[in-house]
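Worksheet: the structure to be examined is printed underneath.
The values are calculated or read from the model by the stated rules, or taken from the named source; none is laboratory data. Quick caveat, the model's predicted, so the values are computed rather than measured. Cβ placement follows ideal geometry from the backbone for every residue including glycine, while neighbour counts extend to all protein chains displayed. The accessibility values were calculated without ligands, DNA or RNA, using every heavy atom of the protein model including side chains. Shrake-Rupley method; radii C 1.70, N 1.55, O 1.52, S 1.80 Å.
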Amino acid sequence: MAAQSITLARPYARAAFELAQAEGALAVWSHALAFAAEVARDARVAALSTDPRVLPEQLVALHLPEGMKADSAFGKFLGELAEQHRMSLLPDIGALYETYKRESESQLLVKITSAMALDAAQAEQLKESLKRRFKREIELETQVDPSLLGGVVIDTGSEVIDGSARGRLQRLASALTN
């Protein structure tokens, strides 16, 4: 189901990105899509999306960030989603939009999982190293997983570098059993 959702979301995400880019409003759309995606994740709102008694205009009003009007480009975009019964795709549309936005800005989202929280200096050093390696601006998303025992796991989306103690122990155990 997730693959089908991404497939359905892709043209909408591309359209959203192109509209935002044409308006010079990538950040505004990024914020608006994040808000709308969060609203769409709510089970109560999801139930309303499939209720035939709820009008598309009402769904749009629920998903619009405060201060944004229904006749804005984003509001019209939401209106199209509501008419096509595609509001549930908003989380995937938002995620794909962010990927297109980062690509256009030569940015790379790197997910760092570490055994202990990284301090600001460590995060900055890691960011600079990754910037040199990938020749792109780096946006770090960090999380802590004590089960790693030590070290970090770096996930760029297309490449995973496992520098954790747990990963090293697993590779050693595998080498010893083979």
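For the reader, a short list of remarks on this structure follows.
- Residue in segment 94-115 that is open to solvent by 40 Å² or more (accessible area, probe 1.4 Å) and within 20 Å of Leu64 (Cα to Cα) present: yes
- Selection from segment 138-178 of residues that are touching a Ser or Thr at 6+ places or on another chain (Cβ under 6 Å) and of a type in the set (D, E, K, R): Asp145
- Near pairs, Cβ below 7 angstrom, 6+ apart or cross-chain, from segment 128-155 (free of Cβ contacts under 8 Å to residues at least 12 places away in the same chain) to any residue that is surrounded by fewer than 14 Cβ atoms within 10 Å (Cβ to Cβ): Lys131/Glu137
- Members of segment 11-29 found to be open to solvent by 20 Å² or more (accessible area, probe 1.4 Å) and either hydrophobic (A, V, I, L, M, F, W, C) or closer than 21 Å to Leu59 by Cα (or both), listed by number: Pro11, Tyr12, Ala15, Leu19, Ala22, Leu26, Ala27, Val28
- Residue among Val60, Val153 that alone is assigned to a strand (DSSP E or B) and either open to solvent by 50 Å² or more (accessible area, probe 1.4 Å) or out of contact with any Pro (no Cβ under 8 Å at 6 or more places or on another chain) (or both): Val153
- Pair list, Cβ under 6 Å, 6 or more apart: segment 1-26 residue over 15 Å from Glu103 (Cα atoms) and of a type in the set (Phe, Trp, Tyr), other residue at pLDDT 95 or above and surrounded by 16 or more Cβ atoms within 10 Å (Cβ to Cβ): Tyr12/Ile93
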